[in-house]
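Encoded as structure tokens, the structure appears first; notes follow it.
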Amino acid sequence: MFFMAVGKSRRDAPLPLPPRPKQERSEDKRRRLYEASVKEFARHGFDQARVEDIVADAGVSWGTFFRYFPRKEDVLLQMGVEHSRLVTRDLAPAATARAAVYALLVALLTSDWPGHLHGAVLREISATPARFSALLEPEDPPWIGIAARLLGEGQLRGEIRTDVHPGTLAAVVMAGALFPAIQGGYEDLSSLRGLPGAGNPIVILDLVFPVVWRGVEA
């Protein structure tokens, strides 16, 4: 389950999920396609990047691309899976639930990708949460699950209200804090011009997080 419980989107088309290669040769092709795609997306933007250029760079056929990534957007979801693993692996302990959840949010909003590409990854995840969740391995903890654990630990320490399940609190915090940062933090959208923090996800997070947090603290 993704951090925003938005249900199935109209973009969750009934296409097969990207297969999990079982042979080293297949995994090598898939990896080459993935890396070539990320490079093209970063250079030209997701919408302008062309599959024909990606397959030429990867040295495979057009059909091979759609075998491993049934939708071009599935590359964005795979980027999200790999970023999620880095976030969960590198998340440092924090003294309080507030500090720990904030650090998780910052990590999710930060990467070495260009802003336009990171924003595209997070928006695709929020648009197709069921598809993203299906791509996670069993050992990959979903972000809302991590937040729920951190909030549950905060409940035991008396930092977090105990009249609401930590999973529900996690859904509220993650959706309330991430949605504004994702929608307004990565690109110069005309609808957001003049608003505080527009174009910087961490600035927006810092404005929104204290407001959202008031609903969960004891």
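The values are calculated or read from the model by the stated rules, or taken from the named source; none is laboratory data. Computed from a prediction, not measured in an experiment: that's the story for all the values here. Using ideal geometry, Cβ is built from the backbone for each residue, glycine included, and neighbour counts are taken over all protein chains shown.
Miscellaneous remarks
- Selection status of Leu77, surrounded by 18 or more Cβ atoms within 10 Å (Cβ to Cβ), of a type in the set (A, V, I, L, M, F, W, C) and within 27 Å of Glu27 (Cβ to Cβ): yes
- Residue match in the range 88-99 (condition: touching a strand residue (DSSP E or B) at 6+ places or on another chain (Cβ under 8 Å), in a helix (DSSP H, G or I), more than 21 Å from Ala49 (Cα to Cα) and touching a residue at least 60 places away in the same chain (Cβ under 8 Å)): yes
- All conditions but one from (1) part of a loop (DSSP other than H, G, I, E, B); (2) surrounded by fewer than 14 Cβ atoms within 10 Å (Cβ to Cβ); (3) not basic (Lys, Arg) apply to Glu52; the one that does not is (1).
- Single residue of Ala107, Ala42, Ala56 found to be under 17 Å from the mean Cα position of the chain (by Cα), modelled with pLDDT of 95 or more and assigned by TED's automatic domain parsing to the domain that holds Ser26: Ala42
- Considering the range 100-114, and only residues there that are touching a residue at least 12 places away in the same chain (Cβ under 8 Å) and in a loop (DSSP other than H, G, I, E, B), the residue that is farthest from Gly45 (Cα to Cα) turns out to be Thr110.
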